[in-house]
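A quick write-up on the structure given underneath.
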Amino acid sequence: MSQNPITIRNLGPEDAHILDRVRPGTFDNEVDPARAWAFLATRVNELVVALDRGEVIGFASGTVIMHPDKPTQFFVNEVSIHPDFRRQGIAKRLLTRISELASDRGCEEVWVATEADNAAARNLYAKLSSKVLPDVVVYSWSDPHL
């Protein structure tokens, strides 16, 4: 664990090189530079990172979702903190920053989904004054050519 303060920073495409220094285990997989740049260059996306001495040890990512018939929303794709840095308030700081960015983009609502058995995430989201949507069912498929 570090004694240095953790820096929270949102990234743009010019910052993709910051993802060259990620503590293993922070992301689910190794960061692909081309995918990282494409994500950052698509300006409906946001990526906020937590840095410890220049090394990424946490992140929150999300996407603006627009509808023709309802207010603009922001979907938080993922929040992850390296195990060595958990329970220090970093995830809350990341979510606060990404929510500010969503608000700056005109989003009126921020939402996230998590696994039913992810107690740590559910506890964090509850502390952030969120509400559980009781009638939501999520479906997933991997073949985009239905």
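None of the figures in this text is laboratory data; all of them are computed from the coordinates on show. The model shown is predicted, which means the values in this text are computed figures rather than measured ones. Quick reminder, even Gly has a Cβ in these numbers, built from the backbone with ideal geometry, and neighbours come from all protein chains shown.
What number, rounded to the nearest 500 deg cm²/dmol, is the helix-based mean residue ellipticity at 222 nm of the chain, given -39500 (n - 2.57) per DSSP H run of at least four residues and division by all its residues?
Calculated at 222 nm, the ellipticity per residue is -7000 deg cm²/dmol.
Using unit Cβ charges (K, R positive; D, E negative) and no other charged atoms, how large, in debye to the nearest 20, is the dipole of the chain about its Cα centre?
Details: 16 positive and 20 negative charges, 116 e Å.
With only Lys, Arg, Asp and Glu charged at Cβ, the dipole is about 560 debye.
DSSP loop trypsin sites (Lys or Arg not before Pro) in the range 60-146 with at most 11 other Cβ atoms within 10 Å of their Cβ, which ones? If you can, show how the numbers build up before the last one.
Values: sites: Arg86, Arg87, Lys92, Arg93, Arg97, Arg105, Arg122, Lys127, Lys131; in loops: Arg86, Arg87, Arg105, Lys131.
Passing both the DSSP loop test and the Cβ count: Arg87, Lys131.
Which of the aspartates and glutamates could a cross-linker span from Lys92 if the Cα-Cα distance has to be under 14 Å and same-chain partners fewer than 8 positions apart are dropped?
Those aspartates and glutamates meeting the cut-off are Glu78, Glu100.
Which order do peptides 57-63, 25-31 fall in by mean Cβ count within 10 Å, highest first?
Numbers: 57-63: 23.9, 25-31: 12.7.
Sorting 57-63, 25-31 by mean packing, highest first, produces 57-63, 25-31.
Would you kindly state how much longer the chain becomes between Arg21 and Asp69 on full extension, computed as 0.36 nm times their sequence separation minus their alpha carbon distance, in nm to one decimal? Please list the in-between numbers first.
On the way: separation 48, 0.36 × 48 = 17.28 nm, distance 4.13 nm.
Between Arg21 and Asp69, full extension yields an extra 13.1 nm.
Between (i) 72, 41, 19; (ii) 46, 33, 32; (iii) 42, 35, 32, which entry matches Cα extents along the principal axes in Å as derived from the coordinates of this structure?
Checking each listed value against the structure points to (ii).
What are the chymotrypsin sites (Phe, Trp or Tyr not before Pro) within the range 116-146 that DSSP puts in a loop, where the Cβ has at most 11 other Cβ atoms within 10 Å? Could the numbers behind the result be given before it?
Numbers: sites: Tyr125, Tyr139, Trp141; in loops: Tyr139, Trp141.
Filter output for the range 116-146: Tyr139, Trp141.
What do you get for GluC sites (Glu not before Pro) in the range 96-145 restricted to DSSP loop and a cutoff of at most 11 other Cβ within 10 Å of the site's Cβ? Intermediate values should be presented prior to the final figure.
Details: sites: Glu100, Glu108, Glu109, Glu115; in loops: Glu108, Glu115.
Those satisfying the criteria are Glu108, Glu115.
Evaluate E = 1/(1 + (r/R0)^6) for Arg43 and Glu108, where r is the Cβ-Cβ distance and R0 equals 22 Å; express this FRET efficiency to the nearest 0.05.
0.70
Within 15 Å, Cβ to Cβ, of His67, how many net charges do the neighbouring residues add up to if Lys/Arg are +1 and Asp/Glu are -1?
Numbers: positive: Lys70, Arg105; negative: Asp69, Glu108, Glu109.
Result for the local shell: -1.
Length gain on complete extension for the stretch Glu55 to Ser129, per 0.36 nm per residue less the alpha carbon to alpha carbon distance? Show your work: numbers first, answer last.
Numbers: separation 74, 0.36 × 74 = 26.64 nm, distance 3.03 nm.
Between Glu55 and Ser129, full extension yields 23.6 nm more.
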